[in-house]
Amino acid sequence: MPKGGAHFISQELALVLSHYDIGIIQSIKSLTAGNRKAPKQIVVSDTGKYLLKRRAGDKNDRYRVTFSHAVQQHLQKKKFPLPNLITTRDEGNSFLELDKHIYELFEFTPGVRFDSKDKAVQDAGKTLAKFHTCLEDFSSQSLPLKTTFHDASPVRRYLKKISTENNSNGSDKDFQKIVEKLMTIYNHSSVNVNQLGFDVWPQQIVHGDWHPGNMLFMNGKVTAVLDFDSLKVSPPLIDLANGMLQYSIVAGRPNPIDWPDYLDQAKLAHFIYGYLQFRKIKKEKTQALADLMIETLIAEAVLPIAATGSFIHLSGSDFLKMILRKCLWIQNNHEKLTDAIEHISQDLDK
């Protein structure tokens, strides 16, 4: 692979674009954003502006792509904000398969990345509620996995792997205790959520990865949700808890050791306010949100650390120490966070 990541060659571009009816090509320019294994090109023609993407090899599952596109086309019909898929000229397919690659062509959607302002946080919450509402009537003969971050055996397996490897290397004994504490906290939160009735809550398609990096904004409004590779079947509260965490987590410093324990409670309130404006949830479910936030916090950290020993470029040991501090903060503020959510719900009902 070239130093700059995967890329298109000119012959490949010409062949792929020949399968689409988008008029006369005026310009083509590389877009360096997102997964470096999935090259992208901005294509301008006399009919409009488009984004061409070649899916990364690990995202090349035809079954998953077909299902993801069915969901996107369902949302497209309901005017949900997302880049519209362009179908091929001859067969009207939503993606193109050539030489063991899968290509997607979208209408280009203008927008900027998340600016951390409260207005954008609130609209991200509202957009998630619309996403769930739009997909209540979605049906398909084939459905994606039901495995989520809640009460998940893979999470426990990854924690055990991290613990075993640390012990066999004779590494930091304090780190060993941190991993054990994370396992205890994860199990405790899983039990709490199950006791609140998780297994009998209605299930539907959920996004599975609702965070700021998967959205474009304009003037504080979501203009496009970009990533549909993590779709799952689950109670929608899975998405809500993940979104609350992703939009309220406080980081920003180079070393995770220096990250604060607390969450940004104002942003958390704006996110849940946006969601509840559009979609109500029952009181007993609000009591599960803090524990679900703990579960997703642990789950998202342990997979890459178990695989590589690090979290992106950050020390796996330092990162898990930070995760433990944040989990303990959520635990210690469980009642306060739950009361705040219930007050928002009551205020909206007035």
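Considering only residues that are among the charged types (D, E, K, R) and without any contact (Cβ under 8 Å) to a residue 24 or more places away in the chain, look in the stretch 176-188 and name the one that is farthest from I298 (Cα to Cα).
Taking the stretch 176-188 first, the residues among the charged types (D, E, K, R) are 177, 180-181.
Within this subset, residues satisfying the condition of being without any contact (Cβ under 8 Å) to a residue 24 or more places away in the chain are 177, 180.
Values: K177: 15, E180: 12 Å.
Per the criteria, the residue is K177.
Answer yes or no: is there a residue in the stretch 223-238 that is at pLDDT 95 or above, small (G, A, S) and part of a helix (DSSP H, G or I).
Looking for residues that are at pLDDT 95 or above, small (G, A, S) and part of a helix (DSSP H, G or I), one finds none in the stretch 223-238, hence no.
Among residues belonging to the stretch 34-61 that are of a type in the set (G, A, S) and exposed (fewer than 14 other Cβ atoms within 10 Å of the Cβ), point out the one that is farthest from L216 (Cα to Cα).
Filtering first and then ranking leaves G57.
From the list L328, L324, exactly one residue is out of contact with any helix residue (DSSP H, G or I) (no Cβ under 6 Å at 6 or more places or on another chain) and either assigned to a helix (DSSP H, G or I) or farther than 19 Å from P260 by Cβ (or both). Which is it? Explain how you work it out, then say what you get.
Working: L324 fails: out of contact with any helix residue (DSSP H, G or I) (no Cβ under 6 Å at 6 or more places or on another chain).
Exactly one residue qualifies, and that residue is L328.
Here is a yes/no grid of residues against (1) in contact with an Asp or Glu (Cβ under 9 Å, 6 or more places away or on another chain); (2) part of a helix (DSSP H, G or I); (3) surrounded by fewer than 16 Cβ atoms within 10 Å (Cβ to Cβ):
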position	(1), (2), (3)
P154	no, yes, yes
L159	yes, yes, no
K181	no, yes, yes
S190	yes, yes, no
V193	yes, yes, no
G208	yes, no, no
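Looking at S139, S116 in this structure, which one is more than 18 Å from the chain's Cα centre (by Cα) and more than 30 Å from I9 (Cα to Cα)?
Working: S116 fails: more than 18 Å from the chain's Cα centre (by Cα).
Only one candidate passes the filter, namely S139.
Residue check: is L320 touching a residue at least 12 places away in the same chain (Cβ under 8 Å), closer than 25 Å to Y158 by Cβ, of a type in the set (A, V, I, L, M, F, W, C) and buried (at least 21 other Cβ atoms within 10 Å of the Cβ)? Steps first, answer last, please.
Working: touching a residue at least 12 places away in the same chain (Cβ under 8 Å): yes; closer than 25 Å to Y158 by Cβ: yes; of a type in the set (A, V, I, L, M, F, W, C): yes; buried (at least 21 other Cβ atoms within 10 Å of the Cβ): yes.
So L320 fits the description; yes.
Going through the stretch 28-55 one residue at a time, which ones are at pLDDT 95 or above and either hydrophobic (A, V, I, L, M, F, W, C) or in the same structural domain as P212 (by TED's automatic domain parsing) (or both)?
I28, I42, V43, V44, L51, L52
What single numbered condition from (1) part of a helix (DSSP H, G or I); (2) in contact with a Phe, Trp or Tyr (Cβ under 8 Å, 6 or more places away or on another chain) fails to hold for F175?
(2)
So which pairs qualify, if the first residue must be in the stretch 57-77 and within 21 Å of P39 (Cα to Cα), the second must be small (G, A, S), the Cβ gap must be under 6 Å, and the two must be at least 6 apart or on different chains?
Close Cβ pairs satisfying both conditions: H69/S94.
For (1) in contact (Cβ under 8 Å) with a residue 40 or more places away in the chain; (2) of a type in the set (D, E); (3) within 25 Å of N332 (Cα to Cα), each residue gets a yes or a no:
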position	(1), (2), (3)
D151	yes, yes, yes
P154	yes, no, no
D174	no, yes, yes
S190	yes, no, yes
Q204	yes, no, no
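Kindly list the number of the only condition in (1) in a helix (DSSP H, G or I); (2) without any contact (Cβ under 8 Å) to a residue 12 or more places away in the chain that fails for T133.
The single condition T133 does not satisfy is (2).
Picking from D99, D118, which residue would you name as being acidic (D, E) and over 25 Å from L237 (Cα atoms)? Steps first, answer last, please.
Values: D118 fails: over 25 Å from L237 (Cα atoms).
One residue alone meets the criteria, D99.
Quick one: would you say I257 is assigned by TED's automatic domain parsing to the domain that holds L196, among the β-branched types (V, I, T), assigned to a helix (DSSP H, G or I) and touching a strand residue (DSSP E or B) at 6+ places or on another chain (Cβ under 6 Å)? Before you say what the answer is, go through the steps one by one.
On the way: assigned by TED's automatic domain parsing to the domain that holds L196: yes; among the β-branched types (V, I, T): yes; assigned to a helix (DSSP H, G or I): yes; touching a strand residue (DSSP E or B) at 6+ places or on another chain (Cβ under 6 Å): no.
In short, no.
Has the stretch 316-339 got any residue that is assigned by TED's automatic domain parsing to the domain that holds H150 and under 24 Å from K119 (Cβ atoms)? Before you say what the answer is, go through the steps one by one.
Within the stretch 316-339, the subset assigned by TED's automatic domain parsing to the domain that holds H150 is 316-339.
With the extra rule that they be under 24 Å from K119 (Cβ atoms), the set shrinks to 337.
Yes, that holds for at least one residue.
Surrounded by 13 or more Cβ atoms within 10 Å (Cβ to Cβ) and assigned to a strand (DSSP E or B), is that true of I22? Can you show your working first?
Working: surrounded by 13 or more Cβ atoms within 10 Å (Cβ to Cβ): yes; assigned to a strand (DSSP E or B): no.
Criteria not met by I22.
The values are calculated or read from the model by the stated rules, or taken from the named source; none is laboratory data. Remember, it's a predicted structure, so these values are computed and weren't measured experimentally. Neighbour counts are summed over all protein chains in view; Cβ atoms, including those assigned to glycine, are modelled from backbone coordinates with ideal geometry.
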